[in-house]
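Here is the structure we will look at, set down as structure tokens.
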Protein chains: 2
Amino acid sequence: MKDRIDLFLLDDHKIVRDGLRSILSPYPSLKIVGEESHAKKFLSALPELKFDILILDLSLPDLSGMEVLKEVKRLRPEISVIVLSMHNNPEYMIRALKAGAAAYHSKDIQSTVLVESIHEVKKHGVYYPTAISLNSPSLPQDPVQKGEVLTQKERDVLKLMVIGMSSKQIAAEYGLSPRTIETHRLNIMKKLGTSNSAETIAVAIRENLL
Amino acid sequence: MKDRIDLFLLDDHKIVRDGLRSILSPYPSLKIVGEESHAKKFLSALPELKFDILILDLSLPDLSGMEVLKEVKRLRPEISVIVLSMHNNPEYMIRALKAGAAAYHSKDIQSTVLVESIHEVKKHGVYYPTAISLNSPSLPQDPVQKGEVLTQKERDVLKLMVIGMSSKQIAAEYGLSPRTIETHRLNIMKKLGTSNSAETIAVAIRENLL
DNA sequence: CGCTCTTTCAGTAAAACTACTTAGTCGATG
DNA sequence: CATCGACTAAGTAGTTTTACTGAAAGAGCG
């Protein structure tokens, strides 16, 4: 497995691109393998491009960053997209994350945080800074809102799921009905907004819910 | 007996290594005599290296930290290994301690605790901070003999599994038959020794296979 | 007490996964 | 050229999960 992370920059401001280069230059494992200022050019070249993570400015001249994001995730789902934005608006953030962004940063991000998030994204596919105000008041009820906390029982079930136990086995472990465990599972998925146990475990580990 | 303690850092994150350097720099008796980001490079260099304690990140890009740990204890049993981990899960801790780790810390450890544990390890060979529930239920008896590495396609499938896609969806994404994806899935589970997708994702994240 | 939340369990049905086996193609290796 | 591993695909069969709904007992709370 290669240890290098190949990055592609898409941002209309050369200043930003150069800034990113200098920020990332001290990190040998991070390599900027290309950059582009026009979204359409980028998208048409996308099939030929080889990189791991796209660093994407949300505000672009010719296409909206959101459209680029969706297009990238449609064509090359294996590519992770880290979104940079002028806006701190959680509304944008949620939309970006829903559209498949692996991370969302405002442009005044600390460089170390950016670097960390790149590694995190490479490792786990996503980077959700816990601090980022998911509990901010303006947020509507949203599946992305993982601020909901699991109950004790749900965490118990999760812990046994992680080591590969089926509902039936977990039920036996606790002396409960398998149907009960299944209910817990479904409730966990509902709370985390996940659609199966694989994703659930991924989110649980990422969010440190174990 | 020399009063200096020679440390070697093995961690893929330069940030972590740099952080450790700055944490440990105020202590004249602690000397970092080397660092490495790649497990394989480290292991091949190991016979020439002289140090007392290895500070080891459990999640490494090319080899799992557990494998490194076992290898170090096999080749150089006199070296103490202090494990750093992202995970607070006692299961990992127990596995690490069973494999010969002298101490186990999560990465958000207090620096003073780390320093203390280094001295403790040097003096007594081990550092067991808290009461560890060794009676924790059903530790799988170390099926971790997975020197086998996943293929590119298998990793691709894994990555989409992590974001909650079913075999059918993954197949559609790649233009393949669902049966093919299922085959990949089963091969992954076979290689990792897991019994369902939840456990598979857990191991994959833990072992840094994504 | 009424209210909410947690925990418990079940019916029903569809969808997905797991297990084990066989097998063809293709590219690389020796 | 033969072999091997990776990738593809499918047969068959059993198991598990997911989805949606309903519901009852118990704990905690104002």
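The values are calculated or read from the model by the stated rules, or taken from the named source; none is laboratory data. Small disclaimer: the values here were computed from a predicted structure and weren't measured. All Cβ positions, even for glycine, are placed from backbone atoms using ideal geometry, and neighbour counts span all protein chains on display. Surface accessibility is based on the protein's heavy atoms, side chains included, excluding ligands, DNA and RNA. Shrake-Rupley method; radii C 1.70, N 1.55, O 1.52, S 1.80 Å.
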Checklist outcome for this item: Every listed condition ((1) open to solvent by 10 Å² or more (accessible area, probe 1.4 Å); (2) more than 17 Å from the chain's Cα centre (by Cα)) holds for residue A:188 save (1)
Item to check | Residue selected from the stretch B:193-204 under the condition in contact (Cβ under 8 Å) with a residue 12 or more places away in the chain and open to solvent by less than 10 Å² (accessible area, probe 1.4 Å), by the criterion nearest to the other protein chains (Cβ to nearest Cβ) | outcome: B:201
Checklist entry - If you scan the stretch B:147-166, which residues turn out to be touching a Gly at 6+ places or on another chain (Cβ under 9 Å) and closer than 18 Å to residue B:177 by Cα? => result B:159
Checklist entry - Does residue B:168 meet the test of being more than 11 Å from DNA strand D (Cβ to nearest atom), at pLDDT 90 or above and more than 10 Å from chain A (Cβ to nearest Cβ)? => result yes
Next on the checklist: What are the pairs with Cβ atoms under 8 angstrom where one residue, in the stretch A:143-164, is open to solvent by 70 Å² or more (accessible area, probe 1.4 Å) and modelled with pLDDT under 90 and the other, located anywhere, is in a helix (DSSP H, G or I) and more than 8 Å from DNA strand C (Cβ to nearest atom)? Sequence gap at least six, or different chains.
Outcome noted: A:148/A:191
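Please enumerate the residues belonging to the stretch A:197-210 that are more than 17 Å from the chain's Cα centre (by Cα) and either among the hydroxyl-bearing types (Ser, Thr, Tyr) or at pLDDT 90 or above (or both). Steps first, please.
From the stretch A:197-210, those more than 17 Å from the chain's Cα centre (by Cα) are A:197, A:210; that's our starting set.
Listed by number, the list holds a single entry, A:197.
Filter the stretch B:1-59 for residues that are among the aliphatic types (A, V, I, L, M) and within 14 Å of chain A (Cβ to nearest Cβ); which is farthest from the chain's Cα centre (by Cα)? Talk me through it step by step, then tell me what you get.
Of the stretch B:1-59, the ones among the aliphatic types (A, V, I, L, M) are B:1, B:5, B:7, B:9-10, B:15-16, B:20, B:23-24, B:30, B:32-33, B:39, B:43, B:45-46, B:49, B:53-56, B:58.
From what's left, within 14 Å of chain A (Cβ to nearest Cβ): B:10, B:15-16, B:39, B:58.
Working: B:10: 10, B:15: 17, B:16: 14, B:39: 10, B:58: 2 Å.
Checking each candidate, the answer is B:15.
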Checklist outcome for this item: Reported set for the stretch B:171-192 where residues are within 11 Å of chain A (Cβ to nearest Cβ) and near DNA strand C (Cβ under 7 Å from one of its atoms) is B:185, B:189
